[in-house]
Amino acid sequence: MSTTITPPPSETKLIDPDSLGFLIGDIARLMRGNFEREIEKVGVPVTTSEARVLVHMARCGAARQNVLAEYLGLAPMSVTGFLDNLERAGLVVRAPDPADRRAKIVTLTEAAQVLLDRIAIAGQQARARALAGLTDDQVAAFKSAALAIRTNLETARTASRTEAGS
């Protein structure tokens, strides 16, 4: 016999399962899963996590490992493991940062560019599935709103770091 736990009515009003935070989290999770399936279909010879690292590197260019970890929202140690595998596969190179020899700058190799083309195809297919049935105007409005939200959050994060450092 299973029982269902029902929160008190006052608590259910506080949590909206379709609030912006839940929607963004759900969309991100579902997009990631959709992308993973597409990556498998196009036969990319790296894990989906490693593919995400390559895509973010293509987005931000040569970067320190810790900066890349922040972009990905991952722990630096996790990114180090992915980079170890990608370096062994000849897809990235790491070199000392001239400004700080303790830090490493990660750069994509030419071999990674070929792989990124295949990853881009998977990304296009994943986006097409996600946007099915939406008009161009709806997609443009969503993208505009999402960009504004990202800017707001990045501004708030920068301000918070500035306040913490002063």
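Just so you know, all these numbers are worked out from the coordinates, no wet-lab data involved. Since we're looking at a predicted model, the values are computed, not measured. Cβ sites come from the backbone with ideal geometry, for glycine too, and all protein chains shown count toward neighbours.
GNM on the chain, C-alpha springs below 10 Å: top fluctuator among Thr80, Thr135, Thr151? Comparing Thr80, Thr135, Thr151 in the GNM, the peak value goes to Thr151.
Model label sites at Met77 and Ala95, defined 7 Å from Cα along the beta-carbon direction, differ in position by 3.0 nm.
Under 10 Å, Cα contacts only: if you run a Gaussian network model on the chain, which one of Ala132, Ala120, Ala112 comes out with the highest mean-square fluctuation? Comparing Ala132, Ala120, Ala112 in the GNM, the peak value goes to Ala132.
Pull out the extension gain between Glu87 and Glu110, defined as 0.36 nm times the separation in residues minus the alpha carbon to alpha carbon distance; nm, one decimal. Intermediate values should be presented prior to the final figure.
Values: separation 23, 0.36 × 23 = 8.28 nm, distance 1.24 nm.
Additional length available on full extension: 7.0 nm.
In order along the range 136-149, the phi-based Karplus estimate (6.51 cos²θ - 1.76 cosθ + 1.60, θ = phi - 60°) of 3J(HN,Hα) comes to 4, 5, 5, 5, 5, 5, 4, 4, 4, 5, 5, 5, 5, 4 Hz; Gly and Pro are listed as x. Taking amide H as placed 1.01 Å from N in the peptide plane, the amide H of Asp97 sits under 5 Å from that of Ala103, Lys104, Ile105, each at least 5 places away or on another chain.
Let me know the volume per residue of the alpha-carbon convex hull for the chain, in Å³.
Considering the Cα atoms of the chain, their hull volume per residue is 220 Å³.
Highest-first packing order for the peptide set 102-111, 22-31, 121-130 is 121-130, 102-111, 22-31, based on the mean count of other beta carbon atoms within 10 Å. With the chain treated as a Gaussian network of Cα nodes joined by springs under 10 Å, which of Ser78, Ser49, Ser19 yields the largest mean-square fluctuation? Comparing Ser78, Ser49, Ser19 in a Gaussian network model of the chain, the most mobile one is Ser19. Full extension of the segment from Phe22 to Arg129, taken as 0.36 nm per residue of separation minus the current Cα-Cα distance, would add 36.5 nm.
Modelling each spin label as a point 7 Å along the Cα-to-Cβ direction, I'd like the Cys60/Ile15 distance in nm, to one decimal. Modelled inter-label distance: 3.2 nm.
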